[in-house]
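Undergrad: Take a look at this one; I'll ask things after.
The values are calculated or read from the model by the stated rules, or taken from the named source; none is laboratory data. The shown structure was predicted, so the numbers you read here are calculated from the model rather than taken from an experiment. All Cβ positions, even for glycine, are placed from backbone atoms using ideal geometry, and neighbour counts span all protein chains on display. Just the protein is used for accessible areas: all its heavy atoms, side chains included, with ligands, DNA and RNA removed. Shrake-Rupley method; radii C 1.70, N 1.55, O 1.52, S 1.80 Å.
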Amino acid sequence: MTNSIAVESTAVPALKETVVLETKPSAAVATDRTVVMGLDCSPHSKATVAWSLGHFLTKRDRVVVVHVIAPPLTSTEPDIAANMRELNAIALAQTTRTLTKLTAPIAESNITLTVVVIEGAPRDGLLAACKSYEADALLVGSRGEGSVLTRALVGSVAHSLMNDAPLPVVVVRGAAGMEATRETLQDGDADLASFDDVV
């Protein structure tokens, strides 16, 4: 199923969204909270899913997993355009398989799950999804890339979302990201034990 979602900000255009997976609990459960979870199919995504199941999600949540991709390749030449459509379809199928595998623990936990792929920039796609699905919280993983201390702690996309999202944002750090942060900070600068999982 494909449709368009938009947010009010003029800086964020309407974005194309494709729902690639929907699962519901075996028994009907009323949902109390909608959580948008941004996954980029990196190893950090696996850590984000594991942490969310252990520390954040409940069976009464509805989880909307969002994967943001660049707009598909296009061409005005008919033959090239046909080849590009085929390549785009292959890429979407591969992404769908990866996301299905990544989110299997959520589905197996009997939590209502929707997985969508949105075309656009990561920040814009996640904010658009939060608005469209009326999310109560946004949960993202972080690679922690960047040399500025704040970005070293949370990553540039996560940092932008923390500043711009009109809802609570939970940033989950993977072990690799925390190791990089430990090297960035000097002993005594911060109590890193409290940052091992979440910033």
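Undergrad: If a/c stays under 1.5 just call it rounded; otherwise compare a/b with b/c (prolate if a/b is bigger, oblate if not). Do that for the stretch 25-76, with a ≥ b ≥ c from the square roots of the Cα gyration tensor eigenvalues.
TA: Note, shape of the stretch 25-76 comes out oblate.
Undergrad: Under 5 Å between amide hydrogens, which residues at least 5 positions from Gly120 or on another chain qualify, with H placed 1.01 Å from N in the peptide plane?
TA: Here the answer is Ile69, Ala70, since their amide H atoms fall under 5 Å of that of Gly120.
Undergrad: Return the distance in nm (one decimal) between the two label points of a simple spin-label model at Thr74 and Cys41, each offset 7 Å from Cα along Cα→Cβ.
TA: Spacing of the two 7 Å Cα→Cβ label points: 2.1 nm.
Undergrad: Taking the inverse of the average 1/r across all pairs of different Cα atoms in the stretch 34-110, what Kirkwood radius in Å do you get?
TA: With all distinct Cα pairs of the stretch 34-110 included, I get 14.2 Å.
Undergrad: Let me ask another. Considering only protein heavy atoms, what per residue accessible area in square angstrom results for the stretch 41-94 with a 1.4 angstrom probe?
TA: Here the residues of the stretch 41-94 average 60 Å² of exposed surface.
Undergrad: Considering only protein heavy atoms and a probe of 1.4 Å, how much of the accessible area of the stretch 29-119 is carbon and sulfur, as a whole percent?
TA: Carbon-and-sulfur percentage of accessible area, whole number: 58.
Undergrad: Follow-up. Report the label-to-label distance for Ala81 and Asn163 in nanometres (one decimal), using points 7 Å from each Cα along the Cα→Cβ vector.
TA: That separation, rounded to one decimal, is 3.9 nm.
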